[in-house]
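J.: Let me begin by handing over the structure; questions about it come next.
The values are calculated or read from the model by the stated rules, or taken from the named source; none is laboratory data. These numbers were taken from a predicted model, which means no experiment stands behind them. Ideal geometry is used to build each Cβ from the backbone, glycine not excepted, and the neighbour counts take in all protein chains shown.
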Amino acid sequence: MFQAKAYAAASASSPLALTTIPRRDATPHDVQIEILFCGICHSDLHAARDEWNRFMPTVYPIVPGHEIVGRVTKVGSAVTKFRVGDLAAVGCLVDSDGTCAACKAGHEHFCMNATFTYNGPDKHTGGVTYGGYSDAVVVDQRFVLKVPKNLDLAGTAPLLCAGITTWSPMRQHKVGKGKKVGVVGLGGLGHMGVKFGRAFGAHVVVFTTSPGKAADARRLGADEVVVTKDPAQLLPHAGTFDFILDTVSADHDLNAYLNLLRPFGNLTLVGAPAKPLAVDSFAVIFGRRSVSGSNIGSIAETQEMLDFCGQHGITADVEVIPIQRLNEAYERLLKSDVRYRFCIDMASLQRP
Ligand code: NAP
Ligand code: ZN
């Protein structure tokens, strides 16, 4: 074991503060990474404040962060994928049982025994896993991703969650040319959904509560922008969407969007508000519309997404911050005031 520096929350109402955490010494299959950048996902905030208590209660102290990019500093004797000095990335998953049907099908992110990067049972330490708001992390090579060399590293970190979480359902629903696709909420996930929708050749419509984001939405790749403060703006789109990706982090009216789907259209929820959302059966029975959900993506899909981003020069739009501004960033996230992902420059962790 060695001690790493980290920012942790001691309770649901505590600000995040500097601390030290134990990290395991690299086992033969492990890669040790010096973390250079870590994105701030809204899930980090939900978890730090125990907002998902009914489903996955938070164990304190919690060190959030699952959008990790860094450099390999050590490899175990059985590691073949990485060498010291390589760039490497870690997303939301650090382990799975490898033996269940989901793992065997290449869906380790749906493994009932999957270990998330933070707040998951850590079989090595007997405690919980600690995330990327830290200067180092040690991860089994199976869950470590290769980083395209041509991309900006700060803009690459958010691909590890915001990127894969939008990529995976959009691929599954064959978002592409000739499809009309909606993205609800223009935050970290939403802006990646817009970039991918554009890259796949779909007609992309952004639904935003923030009139000030309309010009950015177009710059990011949207063909149309609907400001949802005025619900009448939704009406001309009724029954026209093939697919809608809902990335909203708070309570909102799902049925207004379900009514925009064409027959057989699908709305996929990736946003995870604290409270359950209501589905009006009339919004889905007419036209046999469906609502479903999606959680991140597999490791293979994540690598495919990273490689695609390398080939197409796609990264997240980031506001890079020192870690000392983490709590302020959380408050701004709650106000939808981020363009479009906060990313921590981990060099700041070494400042006195
Ligand atoms: P974010 O950057 O805060 O973006 C969320 C966006 O939702 C905001 O920018 C805002 O967009 C919109 N919004 C916020 N409050 C709203 C309200 N009351 N009514 C309507 N719209 C509202 O968050 P994120 O990091 O993208 O994460 C979004 C959600 O996805 C979170 O709940 C997070 O936990 C979840 N998530 C899920 C997965 C998964 O695997 N399923 C992975 C990562 C994150 P506008 O300003 O454009 O309205
Ligand atoms: Zn996330």
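J.: If you take the residues in the stretch 333-352 that are exposed (fewer than 15 other Cβ atoms within 10 Å of the Cβ) and assigned to a helix (DSSP H, G or I), which one is nearest to ligand 2 (Cβ to nearest atom)?
T.: Selected residue: 334.
J.: So, one more: Given the structure, is residue 132 in a loop (DSSP other than H, G, I, E, B), farther than 20 Å from residue 323 by Cα and small (Gly, Ala, Ser)?
T.: no
J.: I've got another one for you. Which residues, counting only those in the stretch 299-352, are hydroxyl-bearing (Ser, Thr, Tyr) and more than 19 Å from residue 90 (Cα to Cα)?
T.: 330, 336, 340, 348
J.: Let me ask another. So, in the stretch 152-172, exactly how many residues are surrounded by fewer than 20 Cβ atoms within 10 Å (Cβ to Cβ) and not charged (D, E, K, R)?
T.: 2
J.: Quick one: would you say residue 194 is assigned to a strand (DSSP E or B), within 13 Å of ligand 1 (Cβ to nearest atom) and surrounded by 24 or more Cβ atoms within 10 Å (Cβ to Cβ)?
T.: No.
J.: Determine whether residue 317 is out of contact with any helix residue (DSSP H, G or I) (no Cβ under 7 Å at 6 or more places or on another chain), within 28 Å of residue 196 (Cα to Cα) and at pLDDT 95 or above.
T.: No, not satisfied.
J.: Could we say that residue 48 is at pLDDT 95 or above, within 15 Å of ligand 2 (Cβ to nearest atom), under 18 Å from the mean Cα position of the chain (by Cα) and more than 30 Å from residue 338 (Cα to Cα) here?
T.: Here the answer is no, as residue 48 does not meet what is asked.
J.: For the stretch 204-220, enumerate the residues that are surrounded by fewer than 19 Cβ atoms within 10 Å (Cβ to Cβ) and farther than 18 Å from residue 252 by Cα.
T.: The answer is 212, 214, 215, 218, 219.
J.: Those residues that are basic (Lys, Arg), under 30 Å from residue 26 (Cβ atoms) and in contact with an Asp or Glu (Cβ under 9 Å, 6 or more places away or on another chain), I need them from the stretch 142-188; list them, please.
T.: Matches in the stretch 142-188: 142, 146.
J.: Yes or no: residue 82 at negative phi and surrounded by 16 or more Cβ atoms within 10 Å (Cβ to Cβ)?
T.: When the stated conditions are applied, residue 82 passes them.
J.: Quick check on my filter: what residues within the stretch 1-54 are free of Cβ contacts under 8 Å to residues at least 60 places away in the same chain and crowded, with 19+ Cβ neighbours inside 10 Å?
T.: The answer is 9, 49, 50.
J.: Continuing with the same structure: If residue 305 meets every condition in (1) of a type outside the set (S, T, N, Q); (2) within 16 Å of ligand 2 (Cβ to nearest atom); (3) surrounded by fewer than 20 Cβ atoms within 10 Å (Cβ to Cβ) apart from one, which number is that one?
T.: Exception for residue 305: condition (3).
J.: Here is a further query. Considering only residues of the stretch 273-313 that are under 20 Å from the mean Cα position of the chain (by Cα) and acidic (Asp, Glu), which is nearest to ligand 1 (Cβ to nearest atom)?
T.: 301
J.: Sticking with this structure for a sec: Being more than 15 Å from the chain's Cα centre (by Cα) and within 16 Å of ligand 2 (Cβ to nearest atom) is the filter; apply it to the stretch 112-132 and report the residue that is farthest from residue 30 (Cα to Cα).
T.: Residue satisfying both the conditions and the ranking: 119.
J.: Now for a separate question. I'm checking my understanding of the structure. Among residues of the stretch 138-163 that are more than 18 Å from the chain's Cα centre (by Cα) and in a strand (DSSP E or B), which one is nearest to ligand 1 (Cβ to nearest atom)?
T.: This residue is 139.
J.: Condition check: more than 26 Å from residue 332 (Cβ to Cβ), within 16 Å of ligand 2 (Cβ to nearest atom) and touching a residue at least 40 places away in the same chain (Cβ under 8 Å). Does residue 93 satisfy that?
T.: yes
J.: Next question. Give the residue that is farthest from residue 41 (Cα to Cα), with candidates limited to residues of the stretch 230-255 that are within 11 Å of ligand 1 (Cβ to nearest atom) and out of contact with any strand residue (DSSP E or B) (no Cβ under 9 Å at 6 or more places or on another chain).
T.: Restricting to residues being within 11 Å of ligand 1 (Cβ to nearest atom) and out of contact with any strand residue (DSSP E or B) (no Cβ under 9 Å at 6 or more places or on another chain), the top hit is 253.
J.: Taking the criterion of being in a helix (DSSP H, G or I), touching a His at 6+ places or on another chain (Cβ under 8 Å) and within 11 Å of ligand 1 (Cβ to nearest atom), would at least one residue in the stretch 314-332 satisfy it?
T.: no
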